[in-house]
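Let me begin by presenting the structure, written as structure tokens, before commenting on it.
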Amino acid sequence: MKQIAIYGKGGIGKSSISSNLSVNLASNGLEVLLVGCDPKSDSAINLFGGRRIDTVLDLYKKGVTDPDKLVFEGFNGVKAVEVGGPAAGVGCAGRGILVALKTLNKDYYLEKGFDVVIYDVPGDVVCGGFAGPAREGYADEIYIVTSGEYLSIYAANNIVKGLFNLNVKLGGIIGNMRGITNEVEKIELYAKEIDSSLIGAIERNHKIHESEIEGKTVLEKYPNDPLNLKFKDIGSKILQNKKAKVPTPTVDEKIRSILGGVY
Amino acid sequence: MNILTPRPNPIVAALYTLRDLDVDVAVLHGPSGCGFRAARLLEEDGMKVVTTSMSEEDLIFGASDKLIEVLKEVDDLFSPNLIGVVGSCVSMIIGENVKKAIIDSGLSDKAFFIEIHGCMGANTRGAIETLKAARDFGLIDEREFKRQEKMLLLATEVELNRGMAKLKYTRPSRGADLKTVAEYIINQLKENKKIAVILNAKKETAYLFADIPLAINLASKKYGGSVINIANLSTDIGLSRIRRYAKDIINDFESNGISIDYISGGVDEYPISGKKAIEYLENKEFDLLVAVGIPQALPTIKKDSIAVTNGPREVHPLEDAGYKYVTVEIASHSTVMGTREIVLSELGEVIRNIAGT
């Protein structure tokens, strides 16, 4: 079993990549569990035709803690869990993630025979709770989603600082392209700077957008589209990746210098 | 320096300060175990202390609704005039909007919020934040706030410079054997010596520490010798409850035929009244000094001296300061709640037993 966590700047496309990766890995015959850690509960929405599943924390409030009742089966047999969380502006979403992770743990995943567990974690590492999936016993390695834009790479570097502090391995960078000049080169240079690599890039594609409007992954709406092969390729690279290591964060000036040098 | 010794808690200090302000009910917005021991003691002193009993679920989803419900319940149950809502580590870390909850409860005319949690430093910070909230709510004026704030900051300095926060780690101790200390005091009196007794007590603990000068004075009447009585028992300083403590103790002294030679300040002025007491003694002849209450707030003097404190972790710093004997009144907080008269102290009892007074 391999457990990975997807981090990245808010709005960069972590949930799109996580759900598309999940269904494509499942189409290769793997048992996949997608754990959405965003209090907005929108990680798995594209596996259920736009329907929101009951969240771990909503069920927890009702006294339901049996993991089997927290996991739902979505498109292509992918199992999914949404951690959920408090309403905006109250409570502590980070604590919610920790409580949910305690309920859903490695022993349960092994018992159920999952081959891959993907944690989709919101935003930057904002507090200890959001770093929960990166802690020992959960994700084996982290993947950061970024575009070649400055703020996205700046956020990625902030996550790298968190991984460095927590001594957590980074599997690599996944590019979610915005169509800016020399974007792949920019991300590759940054990845090299932090002692990592770009393991794959998803080009900007209207089919992702169109699929999501219907609450679907690309595989469901456009099963024969080559874009699916790209997700499969990233998925197999992740499964075969043996080069994950603790990254070394860089400084802001260096990021600006890298991005400025490849206009 | 990172001080390893556990020290008093700002949340508990906030609760005690609400009691000083004659607040009827303190609502602790936190887990049910937070402030447990202090809450029980404060109930004995007439202030109701309730908790919102925050759970893991509340930690995740917030507990403002629960707080509103508790405030309404408290109002129904106790019909209070004043309610203080005290923060805790969990409620403050998750950013509970307590002020809004008070408004939503419809009790903003009688309830006010003290924004405090356990990670805000010295316990005195809890007291200062409470006084600040009380000032903003109109319970005390700016002058009284400033006076008490000054005292609390000085109290923090006392602990840092001469008390339990002086060293990286201070191990607790029960100090000298009470019988040894009592016999030493009585022998001094038998030898017709003069004992200066300084009562430099903190607030309600004065009810207990006042028993030691009382016992020494009664022993002096039997055996001879003489006593200089100094006490921080001004009846003109501090909140009405604080002044009441001083009046009660003075009444008890008077009914036992004991007069105070010098009033060194109010019972909330212990950080400065000790210094005034020593200044008063500068030109006086005496053979033994007995300092009770907060002796660590007294300047060191090169005299034969005994200190009686309330904290086992104050013993070693006081021994280091040069006191011949240091003893502890371990129950100083638990025995004084709700009293209106001097309560028995351990050392006072041993003196009385030996003297047969």
Selected residue (only one of B:Ala63, B:Ala39, B:Ala14 is without any contact (Cβ under 8 Å) to a residue 40 or more places away in the chain and either closer than 30 Å to B:Gly311 by Cα or acidic (Asp, Glu) (or both)): B:Ala39
The one condition in (1) more than 14 Å from every other protein chain (Cβ to nearest Cβ); (2) of a type in the set (A, V, I, L, M); (3) within 26 Å of A:Gly94 (Cβ to Cβ) that B:Ala38 fails to fulfil: (3)
Per-region count, segment B:265-300, residues surrounded by fewer than 16 Cβ atoms within 10 Å (Cβ to Cβ) and not acidic (Asp, Glu): 4
Some residue of segment A:140-152 being of a type outside the set (S, T, N, Q), on the phi < 0 side of the Ramachandran plot and in contact with a Pro (Cβ under 7 Å, 6 or more places away or on another chain): no
So B:Ile94, is it out of contact with any strand residue (DSSP E or B) (no Cβ under 6 Å at 6 or more places or on another chain), within 14 Å of another protein chain (Cβ to nearest Cβ) and within 24 Å of A:Val99 (Cα to Cα): yes
Answer residue from segment B:279-318, given it is charged (D, E, K, R) and under 19 Å from B:Tyr262 (Cβ atoms) and is farthest from the chain's Cα centre (by Cα) among those: B:Glu285
Pair list, Cβ < 8 Å and 6+ apart or interchain, from segment B:71-93 residues that are hydroxyl-bearing (Ser, Thr, Tyr) to residues that are assigned to a helix (DSSP H, G or I) and surrounded by 14 or more Cβ atoms within 10 Å (Cβ to Cβ): B:Ser88/B:Ile11; B:Ser91/B:Val98
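Which residues, taken from segment B:93-106, are buried (at least 20 other Cβ atoms within 10 Å of the Cβ) and either of a type outside the set (Gly, Ala, Ser) or at pLDDT below 95 (or both)?
Answer for segment B:93-106, where residues must be buried (at least 20 other Cβ atoms within 10 Å of the Cβ) and either of a type outside the set (Gly, Ala, Ser) or at pLDDT below 95 (or both): B:Ile94, B:Glu96, B:Val98, B:Ile102.
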Qualifying positions in segment B:1-56 - more than 26 Å from B:Ile242 (Cβ to Cβ) and either in the same structural domain as B:Arg313 (by TED's automatic domain parsing) or surrounded by fewer than 20 Cβ atoms within 10 Å (Cβ to Cβ) (or both): B:Met1, B:Asn2, B:Ile3, B:Leu4, B:Thr5, B:Pro6, B:Ser32, B:Gly33, B:Ser53, B:Ser55, B:Glu56
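Of all residues in segment A:64-94 being among the charged types (D, E, K, R) and within 19 Å of the chain's Cα centre (by Cα), which is nearest to the other protein chains (Cβ to nearest Cβ)?
The qualifying residue nearest to the other protein chains (Cβ to nearest Cβ) is A:Glu82.
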Any hit, segment A:213-231, residues being of a type in the set (Asp, Glu) and closer than 25 Å to A:Ile159 by Cβ: no
Tally, over segment A:95-129, of residues that are closer than 17 Å to A:Tyr7 by Cα and within 14 Å of another protein chain (Cβ to nearest Cβ): 7
Qualifying residue in segment B:110-117 (condition: in a helix (DSSP H, G or I) and in contact (Cβ under 8 Å) with a residue 24 or more places away in the chain): no
B:Gly30, sole failed condition from (1) within 13 Å of another protein chain (Cβ to nearest Cβ); (2) in contact with a strand residue (DSSP E or B) (Cβ under 9 Å, 6 or more places away or on another chain): (1)
Matching residues, segment B:159-180, being surrounded by fewer than 20 Cβ atoms within 10 Å (Cβ to Cβ) and either modelled with pLDDT of 95 or more or under 23 Å from B:Tyr270 (Cα atoms) (or both): B:Leu160, B:Asn161, B:Leu167, B:Pro172, B:Ser173, B:Arg174, B:Asp177, B:Lys179, B:Thr180
Subset of segment B:55-74 (residues that are farther than 15 Å from B:Lys110 by Cα and more than 12 Å from every other protein chain (Cβ to nearest Cβ)): B:Glu69
Qualifying residue in segment B:75-90 (condition: buried (at least 20 other Cβ atoms within 10 Å of the Cβ) and within 14 Å of chain A (Cβ to nearest Cβ)): yes
A:Ala44, sole failed condition from (1) touching a Leu at 6+ places or on another chain (Cβ under 6 Å); (2) over 21 Å from A:His209 (Cα atoms); (3) at pLDDT 95 or above: (2)
A:Ile187 vs. criteria in a strand (DSSP E or B) and crowded, with 18+ Cβ neighbours inside 10 Å: no
Yes/no for B:Met120 being more than 14 Å from chain A (Cβ to nearest Cβ), in contact (Cβ under 8 Å) with a residue 12 or more places away in the chain, within 17 Å of B:Asp20 (Cβ to Cβ) and out of contact with any Asp or Glu (no Cβ under 6 Å at 6 or more places or on another chain): no
Residues of segment A:228-262 satisfying the condition of being out of contact with any Leu (no Cβ under 9 Å at 6 or more places or on another chain), hydrophobic (A, V, I, L, M, F, W, C) and surrounded by 18 or more Cβ atoms within 10 Å (Cβ to Cβ): A:Ile255
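The values are calculated or read from the model by the stated rules, or taken from the named source; none is laboratory data. For clarity, every value in this text was computed on a predicted model and none was experimentally measured. Every residue, glycine among them, receives a Cβ derived from its backbone with ideal geometry; neighbour counts consider all protein chains shown.
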